[in-house]
């Protein structure tokens, strides 16, 4: 009886880890595809702010990217490197966008 419970727990844990690994691989593939389609655009830094969300510091940068609108990033590296004028590497989709880097 106890051996069956242990075996079941091992099977469930293994499936859980397989699902997590598969999800990370899919997400990584999606990010690589988005980065290939990213463009570099000129933006002006509107503001930077540090907020606490559930006890974790979140670094928010807000950019005015003229024709592309106002873009916000929670990427700590983008926050650190943001200056008054920036060239951002951005993927712009139909309903979303992602800032990858500052050039």
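Taking the chain as the reference, fit the longest principal axis to its C-alpha atoms, fit the long axis of helix 2-36 to the helix C-alpha atoms, and give the angle between the two in degrees, 0 to 90, nearest 10.
Its long axis makes an angle of about 20 degrees.
Which one of 74, 49, 64 has the biggest mean-square fluctuation once the chain is modelled by GNM with Cα springs under 10 Å?
49
Tell me the mean residue ellipticity at 222 nm calculated for the chain from its helices only (DSSP H runs of n ≥ 4, each -39500 (n - 2.57), averaged over every residue, nearest 500).
-14000 deg cm²/dmol
When semi-axes √(5λ) of the Cα gyration tensor in Å is calculated directly from the model, which label among [x] 40, 18, 10; [y] 68, 9, 7; [z] 23, 19, 12 fits?
Only one option fits the structure, namely [x].
Every number in this text was worked out from the coordinates using simple rules, so none of it is lab data. Since the model is a prediction, treat every value here as computed from it, not as a measurement.
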